[in-house]
Each structure stands twice: as C-alpha cells, then as structure tokens.
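Taking it in order: structure first as structure tokens, then the write-up.
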Amino acid sequence: MTEKQSILGRIAQLTRANVNALIDRAEDPQKMLDQLVRDYTNSIIEAEEAVAVTIGNLRLAEQDHAADVEAARDWGNKAIAASNKAEQLRASGDTSEAQRFDSLAKIAITKQIAAEKEARDAEPMIASQNEVVDKLKTGLTQMRVQLEGLKSRRDQLVARQKTAEAQGKVQSAISSINVLDPTTEISRFEEQVRREEARVAGHAELNAGSLESQFAELEDYGTQSEVELRLAALKQGKQPGQIEA
C-alpha cells in the first residue's frame, strides 16, 4: 500500500506542477523546459512500470479470487453428489457406506466454506486495488497530456527565441546602416565629381580665352598691314580712296 501511495503522490505532484511559474523563474527558459521534458519523460517511464506492476498484482488477485469462487462451486457440487449418494445407500439399507459418503459430503462442504471465505476476504482488497489502478491510469494520462503540452510550449519558445534573435540581427544591421549612412559617402563622391567637372570647365574656358586672343592678334595684324599699304600709297602721290588692290 505504501508503494501505491508513493506512486499516486508522485503522479499528483507532477500533474499539479505549475509549469508557467517554473518557466517565469528560470534564467534560461529553453534549458528549463528541456530539463522538465526529460524529468517528465523519466517520471512517466517509472510510473508506467510501477503502475504495470500494480495492475499485474491486481490481475493475479482477481485470478486467485476467480479460482476460489470456482473451487467453492466445485466443492459444493461434490458435497451434493456425496450427500445424494449417501441417501441412496441409506435407502438401500447400506448404512455404513451411507455414513462414509456423508463424511465425504462434510469434507467437501468444509472445503467449500474455506474457498468461499478466501474469495470473500479478497473482494474488498480487489475493489480497492481497482480504484487505485483507475487513479493511476488517470494520472498517467494527465502526465502524458502535460508532457505533450511541455513539448509544444518548448518548441514554441524555441521558435520565438530564434525569431527574436533574427529580428535583433536585422535591427542591429539597420542601426549600423543608420550610423554609417552610405548616402554620405555618395554625396562626398558626387562633390568630388562636381569639382572635377568644374576644374575641366575652367580649363576649357581658359583655353577658349587664349584662342580668342590669338584671333584678335590676327585682326590687329590685318589692320596694321592696311595702314602700311596706305602709307606707301601716299608716298606715291595717291589718295587713300584710289588704292588699287
């Protein structure tokens, strides 16, 4: 009985365990859940073995009870048969043989009473054992359900943790991008290009001014040539308007 009470107590303790409270107090909920799953699994295996032994003992007791009931019935039939035989012999005048069969009937009745007593005495214990077995089976069912709940909770927690870690990495990447804004580098490069373009344009403008000066020199040279020609014409006694080409 002590062993049965121990099994019931263990099952009741496990099925009443507040898993949420244990998880809330745990520094590492995933490790806590993994350990709980292992503990529950091991406890269920132990409880199943103990319950199997209890059920086996109950079935043996039931078989013994059935054997006692059958023996009581058998001895009762033998007592009837012996008693009937004794009456037949007594009716035929064989008193000594009649008494012998009456003695056999009494022995059979004694055996019958003993078997009935054993069967009757075992019935309360068998009824109690059946109640215990029913409670143990119910407890085991609850443990299995809670174990599945634990596994599901653990898997959900692991998935949530991985999602949170992934989100954290994304947020860190975004923060890094915000700190090291790539548009700043692009803007700096763009400014360098603009300066280079301006430098080239400056050189082009400078070169254009130099070319105009050269053409202006050509124009001055043409004017000077005309002056020289007209002067020569004057020296020859010709008027400027009479200069021939």
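What follows draws every value from the coordinates through simple rules; no lab data is involved. All values derive from a computational prediction rather than experimental measurement. No Cβ is skipped: glycine too gets one built from the backbone with ideal geometry, and neighbour counts run over all protein chains shown.
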Largest first and to the nearest Å, give the Cα extent of segment 72-130 along each principal axis. 54, 12, 9
Using per-residue counts of other Cβ atoms within 10 Å, averaged over each peptide, order 91-101, 138-148 from highest down. 138-148, 91-101
Taking every other residue with Cβ under 12 Å from the Cβ of Asp68 and scoring Lys and Arg +1, Asp and Glu -1, one gets -4
